[in-house]
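Trainee: Supplied in structure tokens, the structure appears directly below.
The values are calculated or read from the model by the stated rules, or taken from the named source; none is laboratory data. Everything quoted here is computed from the prediction, not taken from an experiment. In this analysis, Cβ positions are derived from the backbone assuming ideal geometry, glycine residues included, and neighbour counts consider all displayed protein chains. Please note that ligands, DNA and RNA were not included when accessible areas were found on the heavy atoms of the full protein model with its side chains. Shrake-Rupley method; radii C 1.70, N 1.55, O 1.52, S 1.80 Å.
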Amino acid sequence: MTMQTRRSVAAALGLAIPAVAAWPAAALPEPAYVVDDATLRDVIENGPRSAADKARDVYRHPYASLVFWGLKPGMTVIDVSPGAGWWTDIIAPYLARTGGHYIAAVADLDDPKTGEGAKKGRAAFEAKYASNPKLYGDVKTVGFGPNSSALAPPGTVDMVLVSREIHDWAQVDGFTAKAFGDFRAALKPGGVLAIEDHRAPDGADPKLANGYISEAWVIGEAKRDGFALAARSDINANPRDTKDYPFGVWTLPPTRRSAPPGQPPNPAFDHAKYDAIGESDRMTLRFVKA
């Protein structure tokens, strides 16, 4: 599935989260070194988030993940390909309240290969987050893609967040290296590259296009492109995920695909066992600019 298609699916399906059995967040406690961030907790619990987005917290652990990555008041953060804004609705209000800056790396309007769906997605994103600057702050957007230019002035960004994107980039030769180069250029010395993605077994072919990518492959790519691995976590692990589904990771919630791409959903498809698994097993990595 292309990145453009994935953006459209995320935007369309973010409103329909099935009631499924969830492996409990309590099974993976927050690290002992965490200093409580009351503002971040308040945004997650009481900020401008939909009920559907909050329902996914049991799988995505937003507080523990953001603290693990090192989000702090006043940072400048680039959120790469934020889709419908699951992370935006947390990070942008948090930074607005703490004197920081949120930048969304979205569809590259200067690239003639950028599709109409991606352009419309960017326009909808910009309209939403410009509608309430008091709540979201001064949200900036910048074009990002295989041929995009710099994301920010060199050495001005504290953190770059990449959530569930690298498995797509691996399908395009050279894209991951280009993206990591863009991030390294934008980050300050010691700046953080925060990564979350669907985790394939080590040694898996990165071009399988099933939505999973191996943690070892991601670490190797990041190290090659000038990042040092600072920490890894199983905050977002799911041991129930067997990673062998008829429509790849998209068989699982929240996408719940029941037919090949381009075909209508199959009403006879039995989602029960996939819903019982929950969302995917995910790597959670923190790199620093070496």
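Trainee: With just the Cα atoms defining each centre, how far is the range 207-264 from the range 135-158? Give it in Å.
Mentor: 25
Trainee: Mind checking which aspartates and glutamates have their Cα closer than 14 Å to the Cα of K273? Skip sequence neighbours fewer than 8 apart in that chain.
Mentor: Output for K273: D241, D244.
Trainee: Just from its helices, what would the mean residue ellipticity at 222 nm be for the chain, if runs of 4 or more DSSP H residues each count -39500 (n - 2.57) and the sum is divided by every residue, rounded to the nearest 500 deg cm²/dmol? Each step should come with its number before you reach the end.
Mentor: Numbers: 12 runs with 99 residues, N = 290.
Taken over the chain, the calculation gives -9500 deg cm²/dmol.
Trainee: Express in whole angstrom the spacing between the alpha-carbon centres of the range 94-109 and the range 35-72.
Mentor: 16
Trainee: Can you tally the net charge around A222? Count Lys and Arg as +1, Asp and Glu as -1, for every other residue whose Cβ sits under 11 Å from the Cβ of A222.
Mentor: Summing Lys/Arg as +1 and Asp/Glu as -1 gives +2.
Trainee: At most 10 other Cβ atoms within 10 Å and a DSSP loop assignment: could you name the trypsin sites (Lys or Arg not before Pro) in the range 109-194 that fit?
Mentor: Those satisfying the criteria are K113.
Trainee: Accessible area per residue of the chain at 1.4 Å probe, in Å²?
Mentor: Numbers: 12470 Å² over 290 residues.
Heavy-atom SASA per residue in the chain reads 43 Å².
Trainee: Could you name the lysines whose alpha carbon sits less than 16 Å from that of K223, not counting residues in the same chain fewer than 8 places away?
Mentor: Result set, ordered by chain and number: K178, K289.
Trainee: Now a separate question. If you bin the C-alpha pair distances of the range 228-273 every 5 Å from 0, what whole percents do you get?
Mentor: 5, 17, 25, 18, 11, 9, 7, 5, 3, 0
Trainee: For labels at D138 and A290 in the simple 7 Å Cα→Cβ model, what's the distance in nm?
Mentor: Simple spin-label model gives 3.6 nm for this pair.
Trainee: Let me ask another. Please give me the summed charge of the neighbours of K289: other residues whose Cβ is under 13 Å from its Cβ, Lys and Arg +1, Asp and Glu -1. Spell out each step's value before the answer.
Mentor: Numbers: positive: R184, K188, K223, R286; negative: D158, D182, D225.
Here the count lands on +1.
Trainee: How large is log10 I(q)/I(0) at q = 0.10, 0.11 Å⁻¹ when the Debye formula is applied to the Cα atoms of the range 70-182, each weighted equally and without solvent?
Mentor: Rounded to two decimals, the profile gives -0.28, -0.34.
Trainee: Using 10 Å bins from zero, what percent of all Cα-Cα pairs in the range 100-157 falls into each bin?
Mentor: 22, 47, 28, 2
Trainee: Starting from the Cα of D110, move 7 Å in the Cα-to-Cβ direction to define the label point; list residues of the range 132-167 whose amide nitrogen is under 19 Å from there.
Mentor: 140-157
Trainee: Dividing the Cα radius of gyration by the Kirkwood radius, what Rg/Rh value follows for the range 163-279?
Mentor: Working: Rg = 16.1 Å, Rh = 15.8 Å.
On the Cα set of the range 163-279, Rg over Rh gives 1.02.
Trainee: Something else about it: From the Cα gyration tensor of the range 104-247, with a ≥ b ≥ c the square roots of its eigenvalues, which class applies: rounded if a/c is under 1.5, or else prolate if a/b is larger than b/c, or else oblate? Spell out each step's value before the answer.
Mentor: Details: a/c = 1.59, a/b = 1.37, b/c = 1.16.
Taking the square roots of the gyration eigenvalues as a ≥ b ≥ c, the range 104-247 is prolate.
Trainee: Applying 1/(1 + (r/R0)^6) with R0 = 41 Å to the Cβ-Cβ distance of A150 and K54, what FRET efficiency is obtained, to the nearest 0.05? It would help to have the intermediate numbers written out before the result.
Mentor: Numbers: r = 35 Å, r/R0 = 0.85.
Efficiency, rounded to the nearest 0.05: 0.70.
Trainee: Follow-up question, since we're still on this one. Considering the values (1) 15.4; (2) 12.8; (3) 14.3, which represents mean projected area of the Cα convex hull in nm² as calculated for the structure under consideration?
Mentor: (3)
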